[in-house]
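Derivation of every value follows stated rules applied to the coordinates shown; laboratory data play no part. None of the values given here were measured: they were computed from a predicted structure. Every residue, glycine as well, gets a Cβ built from its backbone with ideal geometry; the counts of neighbours run over all protein chains shown.
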Amino acid sequence: MKRVFSGVQPTSQIHIGNYIGAIKRFVELQNDMDCFFCIVDLHSVTVPQDPKELYENSLQLAALYMAVGLDPSKVTLFIQSHVPAHAELSWLLQCNSYMGELNRMTQFKEKSLGKDTVTTGLFTYPILMAADILLYDTHYVPVGNDQKQHLELCRDIAIRFNNKYGESFVIPEPLIAKFGARIMSLDDATKKMSKSNENKHSKINLLDSPSKIKKSIMKAVTDSESEVRFDVENKPGVSNLMTIYNVLSGMSLDEIEGKYKGMGYGTFKKDLVEVVVSALEPIQSRYEEILKSGEVEKVLKEGSQRANEVSNKILDRVKKKMGFVTF
Ligand code: AQP
């Protein structure tokens, strides 16, 4: 069975960009692949976190993973910091990668822009991500489009390591959807929907109430025309809303265009509210049930046990190749 690894940071609330670009796809893969899905808490502390919020967000994300349909009897769900091999392999890979490579990472440039100081962790973040993936002999990594460059770096590091020390790592392939891999911000369709955007109406979180969803969609930027038409270049706002509509309802773009021909944006947006609310309602009620059931802790403990078993073997293999004494 091919292996899949991916992770989400327990930072702030999870939005529909994270869902459509990554988490929804995790659910689609769980029946056919050996999947490891991680709450990447070590990544989240590359920028300041309130300890209480980090704790709560980590458990909430585990409950959300299950609420969207990830079945713990099929997939391994775990918290990154419960598997020390991630940090250890990250160090070994840091000693086999170069400043120049990291200097080229656009996410670091964006996240450090305008800041007086940034942590070294933010700079070396992509190496930790490479360690996460390579530790599980991963074949496929489902991620949003913003992670493409990090995945390329991961592959470069693995290929170079294999050439230097002999076959050590499986070379992973990114799984980036052709459609929905970059959901844009509702207040500025030229930027990706982002957790860190301070405007709460720039995004729809998975746990948002119907009235908040309605407000955010009704406020979403469109353009001065009134035609519901998919044209990313000239109509980025409308095209983004159509993408969300398409992915959450299953209706094709042609069908959406046909349905709203001559009707303007008002009706289209009102229906989109319905589409989003009905897609999120079952997730939200299941989320509440899971939180009450107390099963999150048990799932995470079992997940970390399996993740430790699998990753320790691979770490051992890598350390032997590098010449570390192992017994
Ligand atoms: N807008 C997006 N569209 C599609 N996919 C997205 N992802 C993130 N934003 C979008 C994908 O979600 C997965 C988990 O992301 P993360 O928790 O590691 O992400 P993040 O990139 O920190 O999330 P944000 O919202 O983008 O946070 P900030 O505000 O810090 O920039 C990944 O697979 C990611 O590609």
task: Using a Förster distance of 45 angstrom, determine the FRET efficiency expected from the C-beta separation of Lys215 and Ile159, and round it to 0.05.
output: 0.40
- request: Considering the options Thr326, Leu77, Ile127, tell which one lies farthest towards the positive end of the dipole of the chain, charges being +1 on Lys and Arg and -1 on Asp and Glu at the Cβ, about the Cα centre.
  value: Thr326
- line: Computed over the chain: longest principal axis from alpha-carbon atoms vs helix 236-249 long axis, angle to nearest 10 degrees, is 80
26 Å Cα-Cα threshold exceeded, pairs from Lys24/Lys164; Lys111/Lys321; Lys74/Lys298; Lys192/Lys214: Lys24/Lys164; Lys111/Lys321
message: Run the simple label-point estimate for Lys320 and Leu102 please: 7 Å along Cα→C-beta, distance reported in nm.
response: 3.0
At most 15 other Cβ within 10 Å, DSSP loop - GluC sites (Glu not before Pro), segment 104-173: Glu167
task: Assuming R0 = 35 Å, can you tell me the calculated FRET efficiency for the pair Glu28 and Thr117, based on Cβ-Cβ distance, to the nearest 0.05?
output: 0.30
task: Please report the relative contact order for segment 209-256, taking Cα pairs under 8 Å with a sequence separation of at least 6, and give it as a percent rounded to a whole number.
output: 25
statement: The ³J(HN,Hα) series, computed from each phi in segment 317-327 with the Karplus coefficients 6.51, -1.76 and 1.60 at θ = phi - 60°, rounded to the nearest Hz and given as x for glycine or proline, is 4, 5, 5, 4, 4, 7, x, 6, 6, 10, 10
message: Only four residue types carry charge here, +1 at the Cβ of Lys and Arg and -1 at the Cβ of Asp and Glu. Report the dipole size of the chain about the Cα centre in Debye, rounded to the nearest 20.
response: 380
query: Using a basic spin-label model with each label point 7 Å from the Cα along Cα→Cβ, how many nm lie between Glu110 and Lys298?
result: 4.0
query: Using Cα pairs under 8 angstrom and six or more residues apart, how large is the relative contact order of segment 146-228, in percent?
result: 20
task: Can you figure out the FRET efficiency of Ser278 with Leu54, using R₀ = 30 Å and their beta-carbon distance, to the nearest 0.05?
output: 0.40
query: Which one of Val232, Ser252, Leu206 is farthest out on the positive end of the charge dipole of segment 200-287, using unit charges on Cβ (Lys, Arg +1; Asp, Glu -1) and the Cα centre as origin?
result: Leu206
field: Relative contact order of segment 22-143, defined on C-alpha pairs under 8 angstrom at six or more residues apart (%)
entry: 35
query: Pulled fully out, how much extra length does the chain show between Glu152 and Asn308, if you take 0.36 nm times their separation in residues and subtract their Cα-Cα distance?
result: 53.6 nm
